[in-house]
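As structure tokens, the structure follows; a few thoughts come after it.
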Amino acid sequence: MRRLLFLIFMLSFLEASYRDAFVFTQLRYSGEWDPFPDMWGEVISYLTTTTSIKAYPQRKIVTINEEIFNFPFVWVLGKSAFPPLSGQEIKILRTFFERGGMMFIDDSSDVVDSRFRQSVKEELAKVFPERAWREIPISHAIFRSFYLLRGVSGRRIWRNHLEGILHGEKYVVVFSANDISGTWSKDRFGNYLYECIPHRERQRWEAQKLVINVIMYSLTGTYKGDAVHQPFIERKLQ
């Protein structure tokens, strides 16, 4: 009986922790879904060091089922083709996005127009067939939600923009072609595994700042795009 009560207490504690903190949630699917299995810890460490956001100290791995509704921000990585979505998965993702969920998708293939990029865009288009993928302008709130950024970055900059699917006033899907996740990956001695091409550590720093901005945007939406912030932002960017 005591053991049962303890388990119930722990489950309620975990649920409360999820509610009160940012959870690094990553999608698992039948493909190369986890090319950098330790990078999430670097993201969480940086996030809690540089912002006031509280973060859950473990990664949560989900698939496309009802559990995904508990985690409003989902990270998707890939190097090869993304598998076709079933009808049920399309329905779940549509509901997830309509309820305010957001998905950040990062192409880790190091290929300019990879099969992962093509397939994941095709599959996500099935979720919102009435909404086209679009380039996210540099003036968007994503680029000023925490840091004021003048462009995109990544391990290798194949494309100088982010892409996304806009639902209402919010980008519920944000896609990077530049392997932002690879800029965080380290070996067991704490050394970065991958060089950033062509601008090395300055480029890595910009990529990592962009990740913080995407996370902050998932929490605050278009707040930093409101007109009241425009004069200050314009002065800072000059």
From Cα coordinates alone, what are the radius of gyration and Dmax values for the stretch 2-237 in angstrom?
17.8, 61
Between the alpha-carbon centers of the stretch 101-158 and the stretch 69-84, tell me the distance in whole angstrom.
13 Å
For the pairs 60/170; 54/79; 126/186; 60/126; 54/170, flag any whose C-alpha to C-alpha distance is greater than 28 Å.
54/79; 126/186
Step through the residues of the stretch 42-58 one at a time and calculate ³J(HN,Hα) from phi using the Karplus curve (6.51 cos²θ - 1.76 cosθ + 1.60, θ = phi - 60°), rounding each to whole Hz and writing x for Gly and Pro.
5, 4, 4, 4, 5, 4, 6, 7, 9, 10, 8, 6, 7, 10, 6, x, 10
FRET efficiency for residue 61 and residue 113 from the Cβ-Cβ distance with R0 = 30 Å, rounded to 0.05, comes out at 0.60
Over 5 Å intervals from 0, what percent of Cα-Cα pairs in the stretch 42-160 sits in each interval?
2, 9, 15, 20, 21, 19, 12, 2, 0
Expected unfolding gain across residue 30-residue 201 under the 0.36 nm per residue rule, minus the alpha-carbon gap, is 58.2 nm
What percent of all Cα-Cα pairs in the stretch 47-114 falls into each 10 Å bin, going from 0 up to the bin containing the maximum distance?
16, 41, 33, 10, 0
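Bear in mind these aren't lab numbers, they're just calculated from the coordinates by the rules spelled out. Note that the coordinates shown come from a computational prediction; the quantities given were computed from them, not determined experimentally. Cβ coordinates were reconstructed from backbone atoms using ideal geometry, including for glycine residues, and neighbour counts include every protein chain displayed.
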